[in-house]
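**Student:** This structure is in structure tokens; I'll ask about it shortly.
What follows draws every value from the coordinates through simple rules; no lab data is involved. Everything numeric in this text was worked out from a predicted model, so none of it was measured. Here Cβ is always computed from backbone atoms with ideal geometry, including for glycine, and neighbour counts include all displayed protein chains.
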Amino acid sequence: MMRHAIVTAGTKGLGRKAAEMLLEQGYTVTLSYRNDVESANRMKADWPDAQERIQLVQADVTKQADLKSIVSAAMLSFGRIDVLVNNAGPYIFTRKKLVDYSVEEWHEMIDGNLTAMFYLLQEVIPVMREQTYGRIVTYGFQGAQTAPAWIYRSAYAAAKTGLVSLTKTVSVEEAEHGITVNMVCPGVVTDEFKEANLSRARKQKDPETPIGRPATGEDIARTIAFLCDEDSDMITGSVIEVTGGIDVLHKRR
């Protein structure tokens, strides 16, 4: 049996690394992308021996209809959904306080990072229940489990800390159906290293990280792949920090 995975925003950055690791493990994959057609086409072209195992779906994760179309496409083409990796999530890079957010920006952050997961769960859980098997992975941020203040990132942080509770709750609700639900919290992964391998990162020093090297997309992908393993069923409702030790380092100013 060939297992199938959905990876949202799976054609570049952290999502691409997760998708590639699942492809290496023999999965078929449905990958969503929003606007970057070039990256989507490049992702598929870079896997010439796996063309029939890769499906691309253009979708905006802030729209319920688009999320339904991702799941529908997966079921139509592959007939099952064993893994959902919800990598997609909008982010506003401009640093500004809550009172300076527009209503539209607030809803984009909440809809794209929290409500989207509600819609996806409602679509994939019935399928996974029928299979009596499923692996769901959400994304947080460093320290999300403690609901910290994150100045200038209020809307994004609110959505992700809400997602922590949602992840834990659904993990308990669906455990009896063979479904696990976990969250991965990346530390700082710079654009330069989002699609990089460990071998490259180990050639560079990072004095800010206790382990001494930069974080990479492969670090995150390996964690996700482990959580998606059939024998990782004892791990559910967990929020796993992948930071190289930064999250446990207490700094005084």
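**Student:** Quick one: Cα centre-to-centre distance for segment 166-244 and segment 13-59, in angstrom?
**Tutor:** Rounded to whole Å, the Cα centres lie 19 Å apart.
**Student:** Count neighbours as other Cβ atoms within 10 Å of each site's Cβ, and list the trypsin sites (Lys or Arg not before Pro) in segment 166-221 that are DSSP loop with at most 15 such neighbours.
**Tutor:** Working: sites: 168, 194, 200, 202, 203, 205; in loops: 194, 202, 203, 205.
Qualifying residues, ordered by number: 202, 203, 205.
**Student:** Dipole of segment 12-72, Cα-centred, from +1 at each Lys and Arg C-beta and -1 at each Asp and Glu C-beta, to the nearest 20 debye?
**Tutor:** Details: 9 positive and 9 negative charges, 40 e Å.
Magnitude of the dipole: close to 200 debye.
**Student:** If you take the Cα atoms of the chain, find Rg, then find the Kirkwood Rh from the mean of 1/r over all pairs, what is Rg/Rh? Present the calculation step by step, with values, prior to reporting the outcome.
**Tutor:** Numbers: Rg = 17.6 Å, Rh = 18.5 Å.
Rounded to two decimals, Rg over Rh is 0.95.
**Student:** Of the options 220, 199, 237, report the single residue whose Cα projects farthest towards the positive end of the charge dipole of segment 156-253 (beta-carbon charges: Lys, Arg +1; Asp, Glu -1).
**Tutor:** Projecting each Cα onto the dipole axis, the largest value belongs to 199.
**Student:** To continue, here is another question. Which of the pairs 17/44; 63/168; 44/68; 12/194 have their Cα atoms more than 18 Å apart in this structure?
**Tutor:** On the way: 17/44 13 Å; 63/168 24 Å; 44/68 22 Å; 12/194 8 Å.
Flagged as over cut-off: 63/168; 44/68.
**Student:** For every helix of n ≥ 4 consecutive DSSP H residues, a contribution of -39,500 (n - 2.57) applies; sum these over the chain, divide by its total residues, and give [θ] at 222 nm rounded to the nearest 500 deg cm²/dmol.
**Tutor:** -12000 deg cm²/dmol
**Student:** Hey, if you put +1 on the Cβ of every Lys and Arg and -1 on every Asp and Glu Cβ in segment 58-160, which of 141, 102, 69 ends up farthest toward the positive end of that dipole?
**Tutor:** After comparing all options, I get 141.
**Student:** Between segment 84-106 and segment 113-141, how far is it from one alpha carbon centroid to the other, in angstrom?
**Tutor:** Computed from Cα coordinates, the inter-centre distance equals 22 Å.
**Student:** Apply the Karplus parameterisation 6.51 cos²θ - 1.76 cosθ + 1.60, with θ equal to phi minus 60°, to every residue of segment 63-77 and state each ³J(HN,Hα) to the nearest whole Hz, in sequence, with x for glycine and proline.
**Tutor:** 10, 4, 4, 5, 5, 4, 5, 4, 5, 4, 5, 4, 5, 5, 8
**Student:** Moving to a separate point now. Suppose every Lys and Arg Cβ carries +1 and every Asp and Glu Cβ carries -1, with no other charges. What dipole size does the chain come out with about its Cα centre, to the nearest 20 debye? Mind showing how you got there, number by number?
**Tutor:** Working: 29 positive and 33 negative charges, 181 e Å.
For the chain, the charge dipole is close to 880 debye.
**Student:** With charges only on Cβ, +1 for K and R and -1 for D and E, what is the dipole size of segment 130-232 about its Cα centre, in debye, rounded to 20? Before the final figure, lay out each step's value.
**Tutor:** On the way: 11 positive and 14 negative charges, 121 e Å.
Dipole size: approximately 580 debye.
**Student:** Across segment 93-105, in residue order, what do the Karplus-derived ³J(HN,Hα) couplings come to in whole Hz, using 6.51 cos²θ - 1.76 cosθ + 1.60 with θ = phi - 60° and x for Gly and Pro?
**Tutor:** Listing the rounded values in order: 7, 5, 7, 7, 6, 3, 5, 9, 6, 7, 4, 5, 5 Hz.
**Student:** So how long is each side of segment 1-109 along the principal axes, counting just the alpha-carbon atoms, biggest first, in Å?
**Tutor:** Computed over segment 1-109, the largest-to-smallest principal extents equal 51, 25, 20 Å.
**Student:** Residue 37 to residue 72: FRET efficiency via 1/(1 + (r/R0)^6), r the Cβ-Cβ distance, R0 22 Å, to the nearest 0.05? Please list the in-between numbers first.
**Tutor:** Working: r = 21 Å, r/R0 = 0.94.
Efficiency for this residue pair is about 0.60.
**Student:** How large is ³J(HN,Hα) for each residue in segment 223-232, as worked out from phi by the Karplus curve 6.51 cos²θ - 1.76 cosθ + 1.60 (θ = phi - 60°), to whole Hz, x for Gly and Pro?
**Tutor:** 5, 4, 4, 4, 5, 8, 5, 4, 8, 9
**Student:** Percent relative contact order of segment 4-248, based on C-alpha pairs within less than 8 angstrom and at least six residues apart?
**Tutor:** Numbers: 469 pairs, mean separation 49.1, N = 245.
After rounding, I find 20 percent.
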